Amino acid sequence: MPLVCVCSPKGGVGKTTMAANLAWSLARAGSKVLAIDFDVQNALRLHFGVPLHDGRGFVARSEEQADWSQSILTTGGNIFVMPYGDVTEEQRERFEENLVKDPHFLRRGLDTVLNYPGLVIIADFPPAQAQRLKLCRH
Ligand SMILES: Nc1ncnc2c1ncn2[C@@H]1O[C@H](COP(=O)(O)OP(=O)(O)O)[C@@H](O)[C@H]1O
Ligand SMILES: [Mg+2]
């Protein structure tokens, strides 16, 4: 399962644009691609035709859904998107706390997608060190 993390300590440098274009290119070349948004700005979905008013996302639902794959949206082709979702500041803080406190939180949330055969995952990060989310060490 190839996992590509797009990260940089700076904002506004093209991470989301790069993640979206990478996802589209790999899908066009025949891969089944899942684009995951780890940025509270929740902008990645907009590159895949998800409307602005659609606030669904895995962080928005992470308190009810241990398996984040239930928040995957289809785009009609072989690209799938897992948006962050529209969240309150409190929801974002609780999500980040869970990431830090519960060593299994990330693994449990991503287990289904990480074990999906042949899936290429492109992960778009907020402007911070990726290790804050522990994903690159997965
Ligand atoms: N290669 C590029 N050349 C010019 N502008 C770009 C390029 N990549 C991204 N942008 C623009 O820069 C801005 C920030 O891009 P974005 O992908 O949102 O950055 P980040 O995710 O790092 O915050 C957007 O307006 C985007 O359209
Ligand atoms: Mg971005």
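Below, the figures for the structure above:
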{"item": "Members of the range 26-46 found to be within 16 Å of ligand 1 (Cβ to nearest atom), free of Cβ contacts under 8 Å to residues at least 60 places away in the same chain and open to solvent by 30 Å² or more (accessible area, probe 1.4 Å), listed by number", "result": "ALA43, LEU46"}
{"item": "Filtered residue count, the range 26-51, keeping only those that are within 16 Å of ligand 2 (Cβ to nearest atom) and closer than 22 Å to PHE95 by Cα", "result": "11"}
{"item": "Conditions (1) within 16 Å of ligand 1 (Cβ to nearest atom); (2) open to solvent by 80 Å² or more (accessible area, probe 1.4 Å): number failed by HIS53", "result": "(1)"}
{"item": "Residue ID - farthest from ligand 2 (Cβ to nearest atom), chosen from residues in the range 11-22 that are within 12 Å of the chain's Cα centre (by Cα) and not polar (S, T, N, Q)", "result": "ALA20"}
{"item": "Scan of the range 67-88 for residues that are small (Gly, Ala, Ser) and without any contact (Cβ under 8 Å) to a residue 40 or more places away in the chain, ordered by number", "result": "SER71, GLY76"}
{"item": "Subset of the range 114-129 [open to solvent by 60 Å² or more (accessible area, probe 1.4 Å) and either within 16 Å of ligand 2 (Cβ to nearest atom) or in contact with an Asp or Glu (Cβ under 9 Å, 6 or more places away or on another chain) (or both)]", "result": "PRO127, GLN129"}
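The values are calculated or read from the model by the stated rules, or taken from the named source; none is laboratory data. Just so you know, these numbers come straight off a predicted model, no measurement behind them. Virtual Cβ from ideal backbone geometry, glycine too; neighbours counted across all protein chains shown. To get the accessible areas, we keep the full protein, side chains included, count just its heavy atoms, and leave off ligands, DNA and RNA. Shrake-Rupley method; radii C 1.70, N 1.55, O 1.52, S 1.80 Å.
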